[in-house]
Amino acid sequence: MTHLKQLEQESIHIIREVVAEFRNPVMLYSVGKDSAVMIRLAQKAFHPGRFPFPLMHVDTGYKFPEMYRFRDSLVERIGARLIVESNTQAVERGTHPAQLGNDKCCQQLKTRALLDAIAKHRFDAAFGGARRDEEKSRAKERFFSVRDEFGQWDPKNQRPELWNLYNADIGERESVRIFPLSNWTELDVWQYIKLENIPLVPLYFSQSRQVIELNGITIPFEYANLVDPERKLGLSDAETKQVGCRFRSLGCIPCTGAVVSDAQTIDDIIQEVIDARRSERENRIIDLTSDSSMEQKKREGYF
Amino acid sequence: MSSKTELTAYENKSLLRFTTSGSVDDGKSTLIGRLLYETNCIFEDQFAAVERTSQRRGDKRVDLALLLDGLAAEREQGITIDVAYRYFTTAKRKFIIADTPGHEQYTRNMVTGASTSQLAIILIDARHGVVTQSRRHGFLISLLQIPHLVVAVNKMDLVDYSEAAFRRIVEDYTEFSQKLDIHDISFIPISALDGDNVTTRSPNMPWYDGHTLLHMLENVQVSADKNYVDFRFPVQNVLRPNLDFRGFSGNVTSGTIRVGEEIATLPSGKISRIKSIVTYDGELEEAFAGQAVTLTLEDEIDISRGDMIVRRNNLPHVGNEFDVNLCWLDEQPMNPRTHYLLKHTTQKVKAYISGIHYRINVNTLHRETTDHFALNEIGRVTIKSSRPLFFDSYRVNQGTGSFILIDPLSNHTVAAGMIRGQPRDVKSVTHTRHAESLRSANVHWEGGMISRQSWEQRNGHKAAVIWCTGLSGAGKSTVAKGLISALFARQCQVMMLDGDNVRHGLCGDLGFSDQDRSENIRRVGETARLFYEQGNIVICTFISPFHDDRGFVRSILPQGAFHEVYIKCDLSVCKRRDPKGLYRRAEAGEIKEFTGIDSPYEEPENAEVVVETDIDSVESIVAQLEAYLLERGIIS
């Protein structure tokens, strides 16, 4: 069996275990490439039926318009149930990274919103597309990551996972994050997308875009207007340039940079990933605050 | 830069999961950092992040090991405190590394990392040689049955790339590994810090003519390690998307199955055939070990999660009591008086520890008596479950031989278990019988058309297993040959199973570790049983030094079928006879773990017959045995 098939079988096994052992699971859907792969695996796990859990999008309101369009068309195509949740209070207050700082903004719009949604719907298990190769602290994650009633991760007190036997038993108010893609790498994900012909948001592919440099990160100019109509993120037309670029990972507009690239097809992207000398999250501002910023976020309940 | 042709190679590569272990400062993290770095799997920004940390700590150079230490606490203390998973790839293979720390208190992590690995790398510091921890890691690898072991002798740069230093470690570790159940072991001298023999051949060690570490990792054959014989399919979910479809989904744990083949379901014992093998990518004609599929059956049978679909003529053991190697993983010590939840395949049942046989001191490998296990302790226990499990021994089938225990109060995973087999003490014969009857209620043994009773009637004598135990040189074979001649003359149907003979074929893969000796006896016992069932008088001649092993053979046979004959002879006489020159070699240290020299012989306490070859002649002993068989009505 090829490595992709082996990874696929492992993930399907995990998704099926969760459905068998938990009362009310949900699959987090971020509209990115990892989510796309995870959904395909869920389809495979329950074929010829539909997967027996809803998708949930934790919406910060700062996602790319292409992502919203793609999300809605996917849900319609595969006939899944979609839940959209956000921290409405924070959104109404106009929470914004420029005003609150990146860490606080994430804490409010992502972590808080996610924890509230899990509590509101009484989900006991939430699938996420995080992979261990993404970041150092994620390398220590389990497939079944137990969170206390505040959604917090305790890296020093994790359950050992042996063979393919997963312990799904939890206490009254605890929940579990499930990471079926733990053993996948960015390259595996792209190869699988190619193999399975999985549709993706066009932002992943290179196009000529008008961009601007902000804190060393390349941001397409059209989005400055969307995110910050009054101040346009403090950018002016004069500072822009036209380059061929794409997004290696997708997050919120103000915190997701593009990379200069000519990769217009999946094969181009796979070639680029094989040759890449920079990691995929380097354009994600949230990881750069300190050497352990992801660990800190995870401890607070982030994925 | 990669070319288009390489792109296809990248899509069709295989997967190798391996684990690394070593004691503190053996350079394990440096080695992994080196592998990642040399295969271009470290990114500039990740490198920059550890460079910053290295500078802040005031290191002289960038510490590649920092790439692996994921948690803030570890980076500050400079040690690894939990299993971390790392990934790298070449055009040939994708690699998943379970990086486990070597400290004594983290046996738990090593067992965890090892449970999913196909290969293990043990690092040994060339300056310090084989240390306690290297032995402990070897023991755990053997216990977890990782098929391939690579011993990487690291820091060769610090011993002037000395071949002698390397050879000494190879010798020491080879000798130690004889005691273990490890079949494929290779040694390689490296310097992880400078990269010698990691991905390229070292110019500093021209005397080494083996492969680089990466070459070994890329080329080790792992496909043969899977069990493709015994079809086991634990049902994960029952799929009923509509009224016309009822499928059973799960992973094929081992073996293969084809559409149309006859299957049995456990525990019901109902028989049916495979109607279809359904996947999202289309229906399959055949499914094999490792595949996640959905099976539909020809007949409407009530099957739920936790049931097992198997081939009709190849059944697992069915039982609710089993003999187990157990590793305790929780801070809270074992409580033998409490119930735990046992998760095995897709079943979860209540279970408790009904007997503790011994604890193994992982440093000396000695057995110690104890009444409970604490964190990181390993040993042998008997476990009883509230419902029968469908299992195989871990050696034969990892998927159906492994389980975890969960504490129902804390919900922690408290132990990892590897099933050795059915319980081996004589007391539990009733349970084994019970399992047997449960198994044969609906599903019949192959070849059972002619009953033992019919064979016995035709042969004119009863079937029996005569088990001759005793020291090497005690005269077991001589006595057995005499008895065979006598029985032949009486026109009896006789089968002889001799220690030396089975070691050539049936048990040719086994060594002389305690574990291997037990497995040897188990196989012989099972073989003897097959001949017994066809009416033979089976004469077995084995040193069989352990009570438990002889008790096991007794336990798998019907009451009264097993006759233990203790061939007693004083050790000094055996040494003097020494027909194969083995005592001489054992005393010279050429053979290790030789019974009577440096391995114990546990004398039978309740043997049916005791004969003394240092007092009586062979003829008179054969006559004694004939008299015994007559008295018992086996021959007439």
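The values are calculated or read from the model by the stated rules, or taken from the named source; none is laboratory data. Treat the numbers as computed from the prediction; the structure is a model and nothing was measured. Glycine gets a Cβ as well: all are built from the backbone with ideal geometry, and neighbour counts include every protein chain shown.
Scanning segment A:62-90 for residues that are surrounded by fewer than 17 Cβ atoms within 10 Å (Cβ to Cβ) and closer than 23 Å to A:LEU214 by Cβ gives A:PRO65, A:GLU66, A:TYR68.
Rundown of residues vs (1) in contact (Cβ under 8 Å) with a residue 40 or more places away in the chain; (2) in a loop (DSSP other than H, G, I, E, B); (3) more than 14 Å from chain A (Cβ to nearest Cβ), yes/no style:
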| residue | (1), (2), (3) |
| --- | --- |
| B:ILE96 | yes, no, no |
| B:THR107 | yes, no, no |
| B:GLY113 | yes, no, no |
| B:ILE121 | yes, no, yes |
| B:VAL130 | yes, yes, yes |
| B:PHE139 | yes, no, yes |
| B:SER142 | yes, no, yes |
| B:ALA152 | yes, no, yes |
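Every test in (1) surrounded by 15 or more Cβ atoms within 10 Å (Cβ to Cβ); (2) closer than 29 Å to A:MET1 by Cα; (3) of a type in the set (A, V, I, L, M, F, W, C) is passed by B:VAL170 save one, and that test is (2).
Residue check: B:ASP307 meets all listed conditions (1) within 29 Å of B:GLY421 (Cβ to Cβ); (2) away from chain A (no Cβ under 13 Å) but one, namely (2). Can you find a residue that is of a type in the set (S, T, N, Q) and touching a Leu at 6+ places or on another chain (Cβ under 6 Å) anywhere in segment A:84-91? Within segment A:84-91 (the criterion being of a type in the set (S, T, N, Q) and touching a Leu at 6+ places or on another chain (Cβ under 6 Å)), the answer is yes, since at least one residue qualifies. For segment B:591-636, filtering for residues that are farther than 22 Å from B:VAL465 by Cβ and aliphatic (A, V, I, L, M) leaves 3. If you go through segment A:60-80, how many residues are touching a helix residue (DSSP H, G or I) at 6+ places or on another chain (Cβ under 8 Å) and within 19 Å of A:ALA117 (Cα to Cα)? So the answer is 5. Those helices (runs of 4 or more DSSP H) of segment A:37-149 in which 3 or more residues are at pLDDT below 85 occupy A:88-92, A:97-100, A:102-106. Looking only at residues of segment B:5-52 that are within 14 Å of another protein chain (Cβ to nearest Cβ) and in a loop (DSSP other than H, G, I, E, B), we find that the one that is modelled with the highest pLDDT is B:LYS13. In segment B:553-581, of all residues being in a loop (DSSP other than H, G, I, E, B) and touching a strand residue (DSSP E or B) at 6+ places or on another chain (Cβ under 8 Å), the one that is nearest to B:THR478 (Cα to Cα) corresponds to B:CYS569. Here A:SER175, A:SER206, A:SER137 are screened, and the one residue that is buried (at least 17 other Cβ atoms within 10 Å of the Cβ), away from chain B (no Cβ under 13 Å) and either on the phi > 0 side of the Ramachandran plot or among the polar types (S, T, N, Q) (or both) is A:SER206. Among the residues of segment B:329-373, which ones are in a loop (DSSP other than H, G, I, E, B), closer than 25 Å to B:ARG135 by Cα and in contact with a Lys or Arg (Cβ under 7 Å, 6 or more places away or on another chain)? Selection gives B:LEU329, B:VAL362, B:ASN363, B:LEU365, B:THR370, B:PHE373. If the condition is being hydrophobic (A, V, I, L, M, F, W, C) and over 30 Å from B:GLU526 (Cα atoms), then segment B:360-402 contributes B:VAL362, B:PHE373, B:ALA374, B:LEU375.
Residue-level check: of (1) touching a residue at least 12 places away in the same chain (Cβ under 8 Å); (2) more than 14 Å from chain B (Cβ to nearest Cβ); (3) of a type in the set (Ser, Thr, Tyr), A:SER73 misses just (1). Among the residues of segment B:526-552, just one is more than 17 Å from B:GLY421 (Cα to Cα), touching an Asp or Glu at 6+ places or on another chain (Cβ under 7 Å) and not in a loop (DSSP other than H, G, I, E, B), namely B:THR541. Restricting attention to segment B:277-295, the residues being of a type outside the set (Val, Ile, Thr), closer than 22 Å to A:ASN164 by Cα and more than 7 Å from chain A (Cβ to nearest Cβ) number 4.
On the stretch given as segment A:193-203, residues that are more than 12 Å from every other protein chain (Cβ to nearest Cβ) and in a loop (DSSP other than H, G, I, E, B) total 4. If you check B:ASP323, B:ASP225, B:ASP244 for being within 20 Å of the chain's Cα centre (by Cα) and within 14 Å of chain A (Cβ to nearest Cβ), only one passes: B:ASP225.
Within segment A:171-192, being part of a loop (DSSP other than H, G, I, E, B) and modelled with pLDDT of 95 or more holds for A:PHE179, A:PRO180, A:LEU181, A:SER182, A:ASN183, A:TRP184. Counting only residues that are part of a loop (DSSP other than H, G, I, E, B) and surrounded by fewer than 23 Cβ atoms within 10 Å (Cβ to Cβ), segment A:4-30 holds 3 of them. Restricting attention to segment B:167-199, the residues that are closer than 22 Å to B:GLY27 by Cα and in contact with a helix residue (DSSP H, G or I) (Cβ under 8 Å, 6 or more places away or on another chain) total 16.
Residue pairs whose Cβ atoms lie under 9 Å apart, separated by 6 or more positions or on different chains, with the first residue in segment A:1-12 and within 7 Å of another protein chain (Cβ to nearest Cβ) and the second basic (Lys, Arg) and not in a loop (DSSP other than H, G, I, E, B), are A:HIS3/B:ARG93; A:HIS3/B:LYS94; A:GLN6/B:LYS94; A:ILE12/A:LYS44. The number of residues in segment B:247-258 that are over 26 Å from the mean Cα position of the chain (by Cα) and crowded, with 17+ Cβ neighbours inside 10 Å comes to 3.
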